[in-house]
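The block underneath contains the structure these notes are about, expressed in structure tokens.
The values are calculated or read from the model by the stated rules, or taken from the named source; none is laboratory data. In this text, all values refer to a predicted model and were calculated from it rather than measured experimentally. Note that we place each Cβ from the backbone using ideal geometry, even for glycine, and neighbour counts take in every protein chain shown. Only protein heavy atoms, including side chains, enter the accessible area calculation; ligands, DNA and RNA are left aside. Shrake-Rupley method; radii C 1.70, N 1.55, O 1.52, S 1.80 Å.
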Amino acid sequence: AAYSDYEQLVGGVETLFKDSAPIVENYANNAYKTAGLSANEYMETVTSFSASLLQSLNGDTEKAAKVADTAITDMSDNANKMGTSMESIQNAYQGFAKQNYTMLDNLKLGYGGTKSEMERLIADANKVKKANGEMANLSIDSFADITEAIHIVQTEMDITGTTAIEASTTIQGSIGSMKSAWTNLLTGMADENSNFDTLMENFIDSVGTVLENILPKVKLVITSNNRYDK
């Protein structure tokens, strides 16, 4: 079943991104540690808004692949930092791709769900770019610009990168990464072209990270119980 989904999703990625499809697939294979998603979940998310993204980038598939990866990582970072469900955030981005901003408040960045609030977010992002000596020309008319503006605002709020940090340092984050690595391994079992050794190594590494995070807590519980018994 995992491989069946994978075949369909890869087909969609290849249709949308053409020669740049391998870039997206590479991001998808590493998403278990960068976004806490399996390759299938990553590709399902990326195809949900890529048509609008490609249109806003004049069909530049390579740039679209990079922007999409940043957007998906931002979604995951927001979910981890703010406690919002990933589905709610994905729905918000899909709305932005259709010029619907009613779910902007799902991101919990301090902006309401209206067009004027999205314009305020973009204006704030442009201020940051200007302060950094960059061109401050982000526009609400471009979905790619919207995703960049959200990335800038989240970076200013220290949200960016939290998924990768949690995947290596927290119990919940590392378990999520392990589950995604396991799904990738299941998919690879049915794919004769997959690099099974790499998939297995990724899974084993993710299990090791979970143990590194859990064992100190187990030791602490055992020590506490021993003190209590005495």
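Of the residues Gly208, Gly161, which is modelled with pLDDT of 80 or more, open to solvent by less than 80 Å² (accessible area, probe 1.4 Å) and on the phi > 0 side of the Ramachandran plot? Full working, then the answer.
On the way: Gly208 fails: on the phi > 0 side of the Ramachandran plot.
Among Gly208, Gly161, only Gly161 is modelled with pLDDT of 80 or more, open to solvent by less than 80 Å² (accessible area, probe 1.4 Å) and on the phi > 0 side of the Ramachandran plot.
In segment 69-95, which residues are over 17 Å from Ile140 (Cα atoms) and hydrophobic (A, V, I, L, M, F, W, C)? Even if it seems obvious, please write down each step before you answer.
The initial filter retains those residues of segment 69-95 that are over 17 Å from Ile140 (Cα atoms), namely 69-70, 72-91.
Ile72, Met75, Ala79, Met82, Met86, Ile89 - these are the residues of segment 69-95 that are over 17 Å from Ile140 (Cα atoms) and hydrophobic (A, V, I, L, M, F, W, C).
Exactly one of these conditions fails for Tyr93: (1) open to solvent by less than 10 Å² (accessible area, probe 1.4 Å); (2) touching a residue at least 60 places away in the same chain (Cβ under 8 Å); (3) closer than 25 Å to Gln8 by Cα. Give me its number.
Among (1) open to solvent by less than 10 Å² (accessible area, probe 1.4 Å); (2) touching a residue at least 60 places away in the same chain (Cβ under 8 Å); (3) closer than 25 Å to Gln8 by Cα, the lone unmet condition for Tyr93 is (2).
Run Leu104 past the list (1) open to solvent by less than 60 Å² (accessible area, probe 1.4 Å); (2) touching a residue at least 40 places away in the same chain (Cβ under 8 Å) and report the number of the one that doesn't hold.
With respect to (1) open to solvent by less than 60 Å² (accessible area, probe 1.4 Å); (2) touching a residue at least 40 places away in the same chain (Cβ under 8 Å), Leu104 is out only on (2).
Could you figure out which of (1) open to solvent by less than 10 Å² (accessible area, probe 1.4 Å); (2) modelled with pLDDT under 90 isn't true of Ala68?
Of (1) open to solvent by less than 10 Å² (accessible area, probe 1.4 Å); (2) modelled with pLDDT under 90, only one is false for Ala68: (2).
Regarding Glu119, is this residue among the charged types (D, E, K, R), open to solvent by 20 Å² or more (accessible area, probe 1.4 Å) and either closer than 17 Å to His151 by Cβ or modelled with pLDDT of 95 or more (or both)?
Numbers: among the charged types (D, E, K, R): yes; open to solvent by 20 Å² or more (accessible area, probe 1.4 Å): yes; either closer than 17 Å to His151 by Cβ or modelled with pLDDT of 95 or more (or both): yes.
It is true that Glu119 is among the charged types (D, E, K, R), open to solvent by 20 Å² or more (accessible area, probe 1.4 Å) and either closer than 17 Å to His151 by Cβ or modelled with pLDDT of 95 or more (or both).
Which condition breaks for Tyr228 when tested against (1) among the aromatic types (Phe, Trp, Tyr); (2) open to solvent by less than 90 Å² (accessible area, probe 1.4 Å); (3) modelled with pLDDT under 80?
Of (1) among the aromatic types (Phe, Trp, Tyr); (2) open to solvent by less than 90 Å² (accessible area, probe 1.4 Å); (3) modelled with pLDDT under 80, only one is false for Tyr228: (2).
Working only within segment 1-35, note down all residues that are out of contact with any helix residue (DSSP H, G or I) (no Cβ under 9 Å at 6 or more places or on another chain) and open to solvent by less than 70 Å² (accessible area, probe 1.4 Å).
Scanning segment 1-35 gives Ser4, Gly11.
Among the residues of segment 178-192, what is the count of those that are in contact with a helix residue (DSSP H, G or I) (Cβ under 8 Å, 6 or more places away or on another chain) and open to solvent by 100 Å² or more (accessible area, probe 1.4 Å)? Full working, then the answer.
Taking segment 178-192 first, the residues in contact with a helix residue (DSSP H, G or I) (Cβ under 8 Å, 6 or more places away or on another chain) are 178, 180-191.
Subsequent filtering for residues that are open to solvent by 100 Å² or more (accessible area, probe 1.4 Å) retains 182, 189.
Adding up the residues that qualify gives 2.
May I ask you to list the residues in segment 164-193 that are of a type in the set (A, V, I, L, M) and at pLDDT below 80? Explain how you work it out, then say what you get.
If we filter segment 164-193 for residues that are of a type in the set (A, V, I, L, M), which is where we start, we get 164-165, 167, 171, 175, 178, 181, 185-186, 189-190.
Once the filter is applied, which keeps residues that are of a type in the set (A, V, I, L, M) and at pLDDT below 80, segment 164-193 yields Ala164, Ile165, Ala167, Ile171, Ile175, Leu186, Met189, Ala190.
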